[in-house]
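What follows is a short report on a single structure.
The values are calculated or read from the model by the stated rules, or taken from the named source; none is laboratory data. Remember, it's a predicted structure, so these values are computed and weren't measured experimentally. Quick reminder, even Gly has a Cβ in these numbers, built from the backbone with ideal geometry, and neighbours come from all protein chains shown. In case anyone asks, the SASA skips ligands and DNA or RNA and just uses the protein heavy atoms, side chains included. Shrake-Rupley method; radii C 1.70, N 1.55, O 1.52, S 1.80 Å.
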Amino acid sequence: MIRWIEKKFKLREHHTDIRTEFLAGITVFITMAYALATVPNMLEATGVDKHVMMTVMVLLIAAATLAMALYTNRPFALAPGLSSAGIVAAMISADHVPVRIAGGIVFWSGLLFLAITFLGLREAIVRAVPASLKYAVSAGIGIFIALIGARGAGIIAANEAKNSLVFENLGSPEVITAVFGFVILLILRAKRVPGDMVLSILAAAIAGIPLGVTKLPEKIISMPASVGGQLFQIDILGALQVFYLPFLLALFVPDFFATVGTILGVGARAGYLDENGNFDGIDQCFQVDAAATSLGALFGMPGMTTYLESSAGIESGGKTGLTVVFTSICFLFALFFAPVALIIPSAATAPVLVYIGISMLEAMSHIKYDDVTESMPSFMCVVFTVLAGNIANGICTAILTYLVMKTAGGKTKEIHPFMYLLGAVSLLYFYTLF
């Protein structure tokens with residue numbers, strides 16, 4: 001078995017070992033575990049049984065993540081995107097799109113992903129994006145991750161009166177737990193203790209028990225729900241009606257940019273980008289991502305996507321697909337031990353997300369600051385990813401800024417033809433937001 005693992009995942013070639021990959025895999029699972037409660041709760045408003053959806057979700061996470069591990073040997077974990085889940089929930093509850101039609105829209109979005117992926121268009125488009133923007137995506141995602149962590153712990157909150165983000169109650173039990181975990185993480189990281197992120201999360205979770213932040217479960221084991229009744233509960237042909245085309249675009253465009261941005265951002269942090277900002281083998285990652293979305297749609301699950309929390313495993317030393325093999329195994333155990341998996345509070349995982357997010361700002365060192373036509377679009381990408389609260393918003397803003405500045409600066413020869421296509425898609429995306 002050890003020989004097979006070494007041959008399959010090339011651990012020595014990547015300067016890693018099974019123990020490191022194991023700890024990294026657990027770290028990814030712990031930081032992603034919030035999806036177990038979040039996504040089913042979001043979809044419950046559409047009328048589906050959240051227990052059934054949780055079982056479906058876990059099985060899809062395990063299957064898609066294993067496929068990514070074995071097919072690409074990259075430490076990327078997949079799960080239903082929160083933005084996709086939010087869009088689907090809004091379609092059904094606010095826009096009154098029938099549940100079966102919404103599932104069909106997700107299905108066609110996945111097929112569209114598959115088509116442009118296997119035609120090589122996604123990789124061609126990514127290669128057309130200038131290196132500076134690719135690194136800016138990584139930095140923008142970094143700040144976005146840090147903000148998610150800070151908000152999850154109650155450190156940062158939106159203030160309606162000031163119309164801005166402000167410090168929340170810094171004396172709350174959640175904040176105290178998060179700060180304790182962050183200090184532990186900084187100490188362990190400075191001392192280079194293996195498994196520092198897992199240890200800091202566990203320390204914070206334990207510290208949160210007397211503070212009432214960590215809620216101990218009433219039971220340890222829970223049986224998964226049957227998913228048979230959820231299969232093929234979608235209307236594929238009905239979703240092709242012209243009336244639903246705007247919904248398809250509203251789902252597809254942000255998912256496209258979010259997936260591209262996440263894979264590039266996490267890949268940059270892992271050191272997968274070459275001197276031109278290209279990611280060797282990125283098309284394989286896209287193929288798994290697209291296939292997972294189409295498969296998930298058959299069960300009524302929103303688009304599957306590579307999770308930002310994969311960067312937690314990379315930061316913990318994970319370098320191969322073996323990392324997320326362990327993540328998949330953890331999720332399968334969660335089918336039976338969901339009450340235990342869900343006791344880790346967001347205040348315990350927040351310090352890891354904040355640390356990772358700040359670390360990803362290192363990508364900004366690769367930007368050409370002496371060329372304003374490169375630096376300004378890059379900063380627009382970072383700023384609007386955070387201010388507009390969406391990766392797609394930041395990327396689309398940056399693309400349009402890049403096209404305007406390169407054209408105005410008489411540098412149209414530096415613009416790849418595909419960038420004009422991306423500019424048109426960006427305009428179409430913003431149009432859907434009106």
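Rounded to the nearest whole Å², what accessible area per residue is found for segment 110-198 with the 1.4 Å probe? Show your work: numbers first, answer last.
On the way: 4210 Å² over 89 residues.
Per-residue accessible area for segment 110-198 comes out at 47 Å².
Excluding the site residues themselves, the longest part of the chain lacking any trypsin sites (Lys or Arg not before Pro) in a DSSP loop with at most 10 other Cβ atoms within 10 Å is 220-434.
With a Förster radius of 22 Å applied to the C-beta separation of Leu121 and Leu428, the computed FRET efficiency comes to 0.85. Rolling a 1.4 angstrom probe over segment 1-73 with all protein chains present gives an accessible area of which 61% lies on carbon and sulfur atoms. Ratio of Rg to Rh for segment 1-121: 1.06 [Cα atoms; Kirkwood radius as inverse mean 1/r over pairs]. With N the number of residues in the chain, Rg(Cα) / (2.2 N^0.38 Å) evaluates to 0.95. Just to confirm my numbers, what's the Cα centroid distance between segment 120-135 and segment 412-434 in Å? Value for the Cα centre distance between the two parts: 13 Å.
For the options Ile155, Ile391, Ile26, a Gaussian network treatment of the chain with springs between C-alpha atoms closer than 10 Å singles out Ile155 as fluctuating the most. Restricting the calculation to alpha carbons of segment 342-399 gives Rg and Dmax of 14.6, 49 angstrom.
Counting other Cβ atoms within 10 Å, which GluC sites (Glu not before Pro) in segment 101-203 have at most 13 and lie in a DSSP loop?
Numbers: sites: Glu123, Glu160, Glu168, Glu174; in loops: Glu160, Glu168.
Filter output for segment 101-203: Glu160.
With contacts taken as Cα pairs under 8 Å at a separation of at least 6 residues, segment 179-334 carries a relative contact order of 21 percent.
In angstrom, the C-alpha Rg and Dmax of segment 75-141 are 15.6, 42.
The residues of segment 223-372 expose, per residue, 36 Å² of accessible area to a 1.4 Å probe. How much FRET efficiency would the formula 1/(1 + (r/R0)^6) give for Ile209 and Asp280, where r is the Cβ-Cβ distance and R0 is 60 Å, rounded to 0.05? For R0 = 60 Å, the calculated efficiency reads 0.85. When only C-alpha pairs under 8 Å and at least 6 residues apart count, what is the relative contact order of the chain, in percent? Relative contact order here is 34 percent.
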